[in-house]
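Engineer: Have a look at this one.
The values are calculated or read from the model by the stated rules, or taken from the named source; none is laboratory data. Everything numeric in this text was worked out from a predicted model, so none of it was measured. So basically every Cβ, Gly included, is an ideal-geometry build from the backbone, and we count neighbours across all protein chains shown. Remember, those area values only see protein heavy atoms, side chains included, never the ligands or the DNA or RNA. Shrake-Rupley method; radii C 1.70, N 1.55, O 1.52, S 1.80 Å.
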Amino acid sequence: MKRYIRNIVVLISPILLLIIVNEMVRPSIKEKPFSKNGLNGMNSDNKNLHKCTWSCYLNTTYCKENHVKYLKPYYKYTDPTYFGIINFNHKTGNYVLANIIFLVLLLPLLVYGFIIKSMNIQDEINNLKTKR
C-alpha cells in the first residue's frame, strides 16, 4: 500500500507544482494573452527582450539570439534533437496532436516509469541490506 501511495504522489506532484506556479504567476501578467483557435495562452505573442513569449515559440531563432545565455556552445548537440522532434511532429500531419501525444503524454510517462522502477529497485536494495 505504501508503494501505491508513493507512486501516486510521484505522478501527481509535478503536475500540481506546475499548476500552482502557473496560477501564482498568472495575476502578474499584464499584457494581452496570445490567442489562437479560441484558446488563450498566459503570455502575449509580442517580442520581449526580457522574457520568452509566444513569439519565441513561433520564432525559435529570436529566442535563441535574445534569451539563451549559457547553452549557446551546446547548440550543435541540442539543435538536431530539438528540430528533429519538431520536424517529426510536423510530418505526422497533425502537429498539435503529435506534440500532445509524444511530449505531454508518452515522454513524461516514460520518465515516470523509470523513476518508479528506480525507486522499486532501491526498495529491494534497502530490504536486502536490512535482512543481513
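Engineer: Select from the stretch 41-50 the residues that are touching a residue at least 12 places away in the same chain (Cβ under 8 Å) and either open to solvent by 70 Å² or more (accessible area, probe 1.4 Å) or β-branched (Val, Ile, Thr) (or both) and write down the one among them that is nearest to Lys69 (Cα to Cα).
Structural biologist: The residue in question is Leu49.
Engineer: In the stretch 23-40, how many are within 15 Å of Thr53 (Cβ to Cβ), open to solvent by less than 100 Å² (accessible area, probe 1.4 Å) and not aromatic (Phe, Trp, Tyr)?
Structural biologist: Qualifying residue count, the stretch 23-40: 6.
Engineer: A follow-up question, please. Hey, among Thr61, Thr53, which residue is of a type in the set (Ser, Thr, Tyr) and exposed (fewer than 14 other Cβ atoms within 10 Å of the Cβ)?
Structural biologist: Thr61
Engineer: What are the residues in the stretch 25-49 that are over 15 Å from Val96 (Cβ atoms) and in contact with a helix residue (DSSP H, G or I) (Cβ under 9 Å, 6 or more places away or on another chain), if any?
Structural biologist: Answer for the stretch 25-49, where residues must be over 15 Å from Val96 (Cβ atoms) and in contact with a helix residue (DSSP H, G or I) (Cβ under 9 Å, 6 or more places away or on another chain): Pro33, Met42, Asn43, Ser44, Asp45, Asn46, Lys47, Asn48, Leu49.
Engineer: Just give me the residues in the stretch 64-111 being more than 17 Å from the chain's Cα centre (by Cα), within 27 Å of Leu11 (Cβ to Cβ) and open to solvent by 90 Å² or more (accessible area, probe 1.4 Å), in sequence order.
Structural biologist: Phe88
Engineer: Would you confirm whether or not the stretch 32-48 contains a residue that is of a type in the set (Phe, Trp, Tyr) and within 30 Å of Glu124 (Cα to Cα)?
Structural biologist: No; the residues of the stretch 32-48 include none that is of a type in the set (Phe, Trp, Tyr) and within 30 Å of Glu124 (Cα to Cα).
Engineer: Could you figure out which of (1) hydrophobic (A, V, I, L, M, F, W, C); (2) out of contact with any helix residue (DSSP H, G or I) (no Cβ under 9 Å at 6 or more places or on another chain); (3) at pLDDT 85 or above isn't true of Met1?
Structural biologist: (3)
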